[in-house]
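Chemist: Here you go, one structure.
Where a number appears in this text, it was derived from the coordinates with a stated rule and is not lab data. Quick caveat, the model's predicted, so the values are computed rather than measured. Here Cβ is always computed from backbone atoms with ideal geometry, including for glycine, and neighbour counts include all displayed protein chains.
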């Protein structure tokens, strides 16, 4: 997963930006992002309502430390966090989770080039866009 992340963003050489989802004190999942050695700032808050049992906070910050990125990817794979990783320009969104990663590209051309470059990671029964044939 890390190799895909690096291939997607390292050409520009900018530090990566993180947007993390965090729950308030009423949520059992709350507090994980405090362990990150990243200077996160409050970006957005979603109050409790019929859809959210606890207040949800979104924190954002930049990170250039490989160990921090590795730690975030590991937490996502272990279902301990939700994070979007992007570059300063938000040219693409890298969204890791327990079963892999979703990537949102800025254009279909960028998506197609990325898929072609990483075809070896796709299941053999997938077509050009990574969908089952």
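Chemist: Could you give the length gained on full extension between residue 101 and residue 113, defined as 0.36 nm per residue of separation minus the Cα-Cα distance, in nm?
Modeler: 2.6 nm
Chemist: Tell me, in nm to one decimal, what length is gained between residue 41 and residue 62 on full extension, where the rule is 0.36 nm per residue of separation less the Cα-Cα distance?
Modeler: Length gained between residue 41 and residue 62: 6.6 nm.
Chemist: What distance in nm separates the two pseudo spin-label positions at residue 122 and residue 74, each 7 Å out from Cα along the beta-carbon direction?
Modeler: So the label points at residue 122 and residue 74 sit 3.2 nm apart.
Chemist: Calculate, in nm to one decimal, what residue 50 and residue 88 gain on full extension: separation in residues at 0.36 nm each, minus their alpha carbon distance.
Modeler: Gain on stretching residue 50 to residue 88: 10.3 nm.
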